[in-house]
Structures are given as structure tokens and as C-alpha cells.
Amino acid sequence: MRLTMKERKSVVGVTARRYRAARKKQKNEILGEFIQTTGYNRCYASYLLRNHGRVMVLHGQSVRLDATKSRRRPKRGKYYDRDVYTALRRIWVIMDCICGKRLKPVLGEIISKLEEHNEARFRAVVRRKLLRISAATIDRMLAGDRKRFELKGRSHTKPGTLLKHQIPIRTFADWNEKRPGFTEIDLVGHECGNPRGDFIQTLDATDVCSGWTETEAVINKAQVHVFAGLKAIKARLPFPLLGIDSDNGSEFINNQLYWFCCENKITFTRGRSSRKNDNCYVEQKNYSVVRRAVGYARYDTDEELATLNALYRRLRLYTNYFQPVMKLLERRREGSKVYKKHDEAKTPYARLLENPDLEQPRKEELRREYATLNPAQLKREITKLQDKLLAINRRKKREDFV
């Protein structure tokens with residue numbers, strides 16, 4: 001039976017007195033018994049018995065040595081010091097406080113972008129440490145800041161597995177999740193829990209292959225406004241619109257959109273009733289892009305509509321060029337646990353450049369636009385428009401109260 005550490009210390013104290021008083025032959029026998037009792041290495045056991053209780057003079061003072069006390073390793077200084085934390089936190093805020101697994105793959109690219117636009121200068125040692133930092137260390141260093149930046153009133157919409165059991169209205173091409181151009185669309189209402197009257201809706205369109213997201217605010221969910229918003233989104237997409245997948249709302253399921261898809265040879269499908277996971281990609285973006293940017297307030301004026309669309313013009317560049325996303329590769333269940341495997345985080349822009357189905361001239365257009373963008377400047381402009389939107393909403397509430 002193995003002794004506990006406390007019991008071993010007691011044995012050392014008793015045996016050390018016998019050991020030092022014994023002759024050489026007896027010491028060998030005592031040492032053998034001690035090793036058999038404690039399981040210590042012979043050299044270490046001899047060291048313990050020789051030095052237990054010894055008194056020595058250190059800096060003019062008598063110090064009693066206890067050889068049985070554990071020797072503490074000197075505390076190692078932090079590798080990622082305050083300078084690294086300050087630089088990392090600044091980048092993290094510019095990148096909209098994303099998690100470490102999404103931030104780590106693009107950290108080097110963002111550092112280069114910030115230095116290119118004179119937004120930041122990093123010392124060589126700080127830069128080197130930032131480039132080798134792990135995703136887990138990023139999350140650990142920023143854990144306290146993440147709590148303070150946490151958004152309240154989070155949506156309960158969660159992404160799920162894409163289910164393509166839709167009822168097709170008209171099919172011009174087989175739905176292909178590996179080719180850009182097949183999108184899911186949805187409306188996000190800005191009613192703040194009050195569905196009475198007209199209020200602004202955000203039309204959200206997400207490409208299934210790359211995660212490229214476009215948003216357009218419309219004054220209400222009438223099909224004429226939704227259709228106009230969809231045409232505006234189609235004109236901004238960096239790839240041809242090949243397919244649309246929507247829910248069963250009358251703003252989408254109508255003759256106007258049906259004939260538009262027929263004329264432009266766009267595959268048009270719809271999800272099953274009350275099955276949000278049929279449109280899981282766009283449902284996820286409803287929170288991560290729209291709600292995180294504009295919140296849950298009620299917007300119903302022309303001024304708010306103009307501000308929202310001005311914000312969305314910057315947000316599309318910021319989200320698609322600088323916000324990396326991870327795609328689910330595998331999902332399996334083992335008993336009560338569900339294991340998910342994701343690919344490496346990449347921006348929608350990077351996924352489009354890697355896709356062989358996108359034409360080279362369109363890739364060149366994307367590269368030219370990317371070269372002109374400054375993520376820090378985009379973040380400042382987005383924040384300014386968010387503050388303006390909040391000020392309009394507060395002023396409107398005061399006027400309603402009066």
C-alpha cells in the first residue's frame with residue numbers, strides 16, 4: 001500500500017535520526033528499508049535522510065532545513081504580457097468581439113491591414129507573440145472583457161442542419177450548396193414587441209456556399225417593397241443569383257416574385273411550414289448580423305429607414321470582407337452528447353476567392369475592393385450610425401411621451 005505524503009514525512013523524520021547515528025553498514029540496511037517503505041529513488045532517499053533537520057547560517061541567521069518540504073518551482077513570468085493584451089483587445093474590438101476560433105485564422109491579415117492604413121503600429125516582439133497566440137489563449141485573456149461587451153436580449157434562434165425537403169415552386173437548376181449564388185432569404189421585423197401598425201423590416205439574404213450576406217431595410221413587409229429590396233440585393237451580389245429559398249410568407253410566395261424568378265431563370269424553393277431549420281443559414285445571420293448591429297428597438301420612420309440602409313452599406317463590407325465564419329462539417333451523437341466538427345474560420349470573401357465556380361473577373365473585382373477597405377474605419381462609421389439610430393429612437397420616444 002502506498003503511503004500518503006504526510007505519512008512519508010513522518011517516516012523521514014523518524015528514520016533520519018537513526019540513519020545519522022548509525023554506522024556505515026547499518027546505514028545501508030536502514031536506507032534499504034526506507035526505500036522499500038516509501039518507494040523513493042535511492043539517491044533521493046539518501047539526500048532526505050542526510051539533510052533532514054540540518055541547521056545552516058544564511059545571511060547571518062540560523063536556518064533549519066527541512067528536506068521533506070516540496071521545492072517550489074520559481075514562478076514563470078507571463079509570456080503574453082500587458083502590451084500583448086492591449087494590442088489583442090484593440091484588434092478584438094475592431095473585429096466586433098468575435099471568439100478566438102474565428103479571430104485566430106485572420107489575425108495576421110488584420111494586423112497587416114491596420115498597419116497598412118496607419119491605424120496601429122505593433123512592436124516586433126508584440127507582433128511575433130500575436131501571430132503565435134492560440135485561440136484558447138485569446139478567449140482566456142479576453143474573458144473578462146467579453147462579459148462586459150455581452151449583448152442583452154439575445155435571440156433564441158439557433159442554426160441547425162440544412163434540410164432540403166422544400167416544396168419546389170420552380171426549379172431551373174439543381175440546388176448546389178457548393179456553388180455561390182444559391183441564397184436563403186428572410187425578413188427581420190423591428191417592432192420591439194409591438195406588432196401594431198407599420199414598422200421597418202430588414203430583408204436578409206445569405207449565400208449558402210460562402211456565407212456572403214446582404215441586407216436591405218424596407219418600410220414594411222408589403223410584397224412591392226420586399227421585391228424592390230430583393231432586386232437591390234441582387235444588383236450588389238458579387239456572383240449571379242442562381243437560387244432563392246424562402247419561408248412561406250406572402251411577401252415571398254406571390255406572383256410578382258414567381259414570374260421574376262421565371263424570367264431570370266432563378267431556382268425558387270420554399271421551406272416547410274414551422275420548420276426554421278430549413279432556412280438555418282439565414283436564421284443564424286438574423287442574429288449575428290442584423291440583431292447584433294441594430295438591436296431590438298422599434299423602427300418605423302423614414303429617417304430611421306435611411307439610417308438603417310446607410311449602416312447596412314458599411315456593414316456588408318465589414319461583415320463579408322473581415323468577419324470570418326466557420327461551417328459545420330460533421331455532426332454526430334454519442335449517447336447524450338452531440339459532437340460537432342467545423343472547418344477553419346474564413347471570411348466570405350476568402351471563400352469566394354477559393355471557389356472554382358466563381359469567374360476570374362469577379363474575383364479581381366473583389367480583390368480591388370478589398371484593397372481599398374480599412375476595417376477600423378468601417379467599424380468607426382458603423383458605430384457612428386448605430387449611435388445616430390439610437391439617438392433618433394430616443395428622441396422619438398420623448399416626443400411620443402410628450
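So how do VAL208, VAL338 line up by other beta-carbon neighbours within 10 Å, fewest first?
VAL338, VAL208
Residue separation times 0.36 nm, minus the C-alpha to C-alpha distance between LYS231 and GLU115: what's the value?
38.0 nm
Enumerate the aspartates and glutamates that LYS337 could reach by cross-link, defined here as Cα to Cα under 19 Å, with residues fewer than 8 away along the same chain left out.
Within reach: none.
Mind jotting down a quarter of the surface of the convex hull over the alpha carbons of the range 355-402, in square nanometres, one decimal?
Taking a quarter of the hull surface, the average projection is 5.4 nm².
Which entries in LYS101/LYS285; LYS104/LYS129; LYS129/LYS340; LYS234/LYS265; LYS113/LYS147; LYS231/LYS397 show an alpha-carbon gap greater than 22 Å?
Exceeds cut-off: LYS129/LYS340; LYS113/LYS147; LYS231/LYS397.
With springs only between Cα atoms under 10 Å, which of GLU184, GLU359, GLU29 fluctuates most in a Gaussian network model of the chain?
Greatest mean-square fluctuation among the candidates belongs to GLU29.
Given the DSSP H assignment, sum -39500 (n - 2.57) over each helix run of at least 4 residues in the chain and divide by its residue total; what's the result at 222 nm in deg cm²/dmol, nearest 500?
Result for the chain: -14500 deg cm²/dmol, rounded to the nearest 500.
I'd like the Kirkwood hydrodynamic radius of the range 82-149, using the inverse of the mean 1/r over distinct C-alpha pairs, in Å.
Result for the range 82-149 stands at 12.0 Å.
Work out the length of the dipole vector of the range 167-401 about its Cα centre, built from +1 on the beta-carbon of each Lys and Arg and -1 on the beta-carbon of each Asp and Glu, and round it to the nearest 20 debye.
It comes to approximately 700 debye.
Measuring from centroid to centroid over Cα atoms, what is the spacing of the range 181-244 and the range 294-323 in Å?
The range 181-244 and the range 294-323 have Cα centres separated by 12 Å.
Testing the spin-label approximation: label points 7 Å from Cα along Cα→Cβ at ILE253 and ASP387. State their distance in nm.
4.6
Straight-line reach from LYS9: which lysines have Cα under 23 Å away, leaving out those fewer than 8 places along the same chain?
Qualifying lysines at Cα under 23 Å: LYS27, LYS69.
When LYS327, LYS104, LYS337, LYS231 are ordered from fewest to most other Cβ atoms inside 10 Å of their Cβ, what list results?
LYS337, LYS231, LYS327, LYS104
When the chain is fully extended, how far beyond the present Cα-Cα distance does LEU131 get from LYS265, taking 0.36 nm per residue of separation?
43.6 nm
If I stretch the segment between ASP81 and CYS43 completely, what's the gain in nm (0.36 nm per residue apart, minus their alpha carbon distance), one decimal?
9.7 nm
Place a +1 charge on the Cβ of each Lys and Arg in the chain and a -1 charge on the Cβ of each Asp and Glu, then give the dipole magnitude about the Cα centre in debye, rounded to the nearest 20.
Dipole size: approximately 4480 debye.
If R0 is 56 Å, what FRET efficiency do you get for ALA371 and THR4 from their C-beta distance, rounded to 0.05?
Efficiency for this residue pair is about 0.25.
Rg over Rh of the chain, using C-alpha atoms and the Kirkwood radius, what does it come to?
Ratio of gyration radius to Kirkwood radius for the chain: 1.23.
Can you tell which of GLN360, GLN386, GLN223 shows the greatest fluctuation in a Gaussian network model of the chain with Cα springs below 10 Å?
Comparing GLN360, GLN386, GLN223 in a Gaussian network model of the chain, the most mobile one is GLN360.
Quick check on the exposure proxy: order PHE268, PHE322 from fewest to most C-beta atoms within 10 angstrom.
Lowest count first: PHE268, PHE322.
With the dipole of the chain worked out from charges on the C-beta (+1 for Lys and Arg, -1 for Asp and Glu) around the Cα centre, which of ALA217, LEU317, VAL11 lies farthest toward the positive end?
With unit charges placed on the Cβ atoms, the residue in question is VAL11.
For the range 212-286, just the Cα atoms, rotate onto the principal axes and tell me the three extents in Å, largest first.
That gives 28, 27, 27 Å along the principal axes, largest extent first.
Quick one: among ALA376, ALA16, ALA235, which has the greatest mean-square fluctuation in a GNM of the chain with alpha-carbon springs under 10 angstrom?
The residue with the greatest mean-square fluctuation here is ALA16.
Reachable aspartates and glutamates from LYS388, Cα under 13 Å, same-chain residues fewer than 8 places away excluded?
GLU303, GLU304
Computed from the coordinates by the stated procedures, all read-outs in this text should not be read as laboratory data. Please read these numbers as outputs of a predicted model, since none were measured by experiment. Because the Cβ atoms are built from the backbone with ideal geometry, glycine has one as well, and the counts that use them run over all protein chains shown.
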